[in-house]
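The values are calculated or read from the model by the stated rules, or taken from the named source; none is laboratory data. What you are looking at is a predicted structure, and each value in this text was computed from that prediction instead of being measured. Positions of Cβ are backbone-derived with ideal geometry, glycine not excepted, and every protein chain shown enters the neighbour counts. We work out accessible area using only protein heavy atoms, side chains counted, and drop any ligands, DNA or RNA first. Shrake-Rupley method; radii C 1.70, N 1.55, O 1.52, S 1.80 Å.
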Amino acid sequence: MRRASFPILGIALGLVALTGWRAAYAGVDAHLAGYTFHHFNDVDNVSVSSHFMRYNMLMESSLSTSVQLNHETVVVPAVAAPVGSQEAADAITTASRPISSLEDAYTDFVKVRNELQGSIGYRGVEAGYYVSDEVDYHAQMVWTSVNRDFLSENLNLAFGLNYAWDRIEPLNDEDTAGIPGVRNTTYFSLVATQVLTPTTVLRAGIERSLVDGLQHNPYRNVYAGGGHTAERHPYERTRNDYFVRLSQFFGNRSSLKVDYRFYTDDWGVDSHTLGAKLTQYITDEFVVRYRYRYYSQGAAYFYRDEYASGFGVDGLLTGDYRLGEFDANLFGGKIFWNLDRFFEGSGFLERIDLTLGYERYFNSTNFTANIFETGLEMSF
């Protein structure tokens, strides 16, 4: 039987209360509490609503602590097709949602996820713990990072080490039969940030992940050899990322960030990402950001548009188009509006920010999406 996820909320509230008690009686230099609501909606009416709460505290001894809680609800709309039709069958057998019977696909699927994150830092050294829980997935992670300044604080070097262990417990499904799985990930990163001029900053880094365990979607089927069979991916994967970013600040209160990323792994997937973000202050309270990103990747060695048999390629099959060869474009913009002047004299809220965004995504597999985002952040 799955545990209820509400203990995470209780633990989070207890940590926040404890942190607040310490803030009242210890040597606190600064502290900040905040709440952010974020809503995402795409062209297929898949929606994600998040309630994000945080508390940060900086002690006079340079010791810092942070507690963050996120309560997230995902809604996947019901299949809009006649019962027994080919459209309905395709939607069900390639779905990324749990389906225990044909009728389930004709009701909205709702998934709730709670996550808790806490960290402690001291003079450039930080350690933390993360836990996330949902009905069929439980994830935990511990991490540590160290960063140091050199060359009169013009160069910063940061090293990170994470270890994550996940438990996947699929809901009972006609094809998966509730087969459980685990996944462990070890992650390393090394990032260098160099101030080139008072208005130009260069950042470059290397990231490496070693993944072991269940890595396919336990709910996805693949059409192979004239029938449907469960998706199967390799249980080991080594992933490497190399990136560089140039940030340029201009005298008209604008900035431009240009970045390039190369990714490669031992599944045969190589990708290139080129992106740019232009941010402009219109007033002190109103900021506009424009964004464009181009992405191109090659296919995994076991990816096929069609499989001749249920054995696939060396026993491996995938129905995930993200492991195939494709190009993608994303562009759009966001506005950030500080609403403090509308709440002057409230005596409680220190800052209120509204975020509105729209992005258009399309790729070479004929998949498109209109992405709408709204966010409201309150600090107190």
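What to note about this one:
- Test set (1) farther than 22 Å from ALA230 by Cα; (2) within 27 Å of the chain's Cα centre (by Cα); (3) not in a strand (DSSP E or B) - LEU349 fails condition number: (2)
- Pairs meeting the criteria (first residue in segment 120-142 and surrounded by fewer than 17 Cβ atoms within 10 Å (Cβ to Cβ) and basic (Lys, Arg), second residue assigned to a loop (DSSP other than H, G, I, E, B) and modelled with pLDDT under 95, beta carbons under 9 Å, at least 6 apart or on different chains) are ARG123/SER62.
- Pair list, Cβ < 8 Å and 6+ apart or interchain, from segment 293-314 residues that are touching a residue at least 12 places away in the same chain (Cβ under 8 Å) and of a type in the set (Val, Ile, Thr) to residues that are open to solvent by 30 Å² or more (accessible area, probe 1.4 Å) and assigned to a loop (DSSP other than H, G, I, E, B): VAL313/TYR301; VAL313/ARG304
- Of the strands (runs of 3 or more DSSP E) lying entirely inside segment 162-279, those containing at least 3 residues that are open to solvent by 50 Å² or more (accessible area, probe 1.4 Å) and over 27 Å from LEU323 (Cβ atoms) span 181-197, 236-250, 254-265.
- Among the criteria (1) closer than 30 Å to GLY225 by Cα; (2) in contact with a Pro (Cβ under 9 Å, 6 or more places away or on another chain); (3) open to solvent by 60 Å² or more (accessible area, probe 1.4 Å), the one GLU325 does not fulfil is (2).
- Hits in segment 280-301 - residues which are aliphatic (A, V, I, L, M) and part of a strand (DSSP E or B): VAL287, VAL288
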